[in-house]
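Peer 1: Pasting in a structure now, in structure tokens, and then I'll have a few things to ask.
What follows is calculated from the coordinates using simple rules that are stated; it is not laboratory data. All values derive from a computational prediction rather than experimental measurement. For neighbour counting, all protein chains shown are included, and Cβ atoms are generated from backbone atoms with ideal geometry for every residue, glycine included.
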Amino acid sequence: MSSPVFSRTDTVTDLEQFYNSLLELFEDSDEKQEVNELLVWWNRQIFPTYSSTQHPPMRNSALARIRERRVHIKTAGNTLEANY
């Protein structure tokens, strides 16, 4: 029996556990090559003109702002550590 949508109330499959297992797999360094190949394949299924070439985030995009904030936090953290 299968469910047409992911739902926490699904009594057949623990979908939250399934989701968390996928995240663990994607983050596992031993699986990096296969995960990258899978992501390229999947992206090509969804976006037929997908290119795996890395593009810098557009200026003022959400991704650019997130990365900028991460650098700021790391820099601030390093400054705090140096003061101790």
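Peer 1: So which chymotrypsin sites (Phe, Trp or Tyr not before Pro) in segment 1-73 end up in coil per DSSP with only 16 or fewer other C-beta atoms within 10 Å?
Peer 2: On the way: sites: Phe6, Phe18, Tyr19, Phe26, Trp41, Trp42, Tyr50; in loops: Phe6, Tyr50.
When the chymotrypsin sites (Phe, Trp or Tyr not before Pro) of segment 1-73 are filtered for loop state and at most 16 Cβ neighbours within 10 Å, Phe6, Tyr50 remain.
Peer 1: Calculate the spin-label point distance for Leu25 paired with Leu39, positioning each point 7 Å from the Cα along the beta-carbon direction, and give it in nanometres.
Peer 2: Calculated label separation equals 1.5 nm.
Peer 1: Starting at the first residue of segment 50-61, write each ³J(HN,Hα) from the Karplus equation 6.51 cos²θ - 1.76 cosθ + 1.60 with θ = phi - 60°, in whole Hz, x for Gly and Pro.
Peer 2: 3J(HN,Hα) across segment 50-61, in whole Hz: 4, 10, 7, 5, 6, 10, x, x, 5, 4, 6, 6.
Peer 1: Now for a different question. Using a ≥ b ≥ c from the Cα gyration tensor of segment 9-53 (square roots of the eigenvalues), is it rounded, prolate or oblate, where a/c under 1.5 gives rounded and otherwise the larger of a/b and b/c decides, a/b for prolate? Before the final figure, lay out each step's value.
Peer 2: Working: a/c = 4.22, a/b = 1.58, b/c = 2.66.
Taking the square roots of the gyration eigenvalues as a ≥ b ≥ c, segment 9-53 is oblate.
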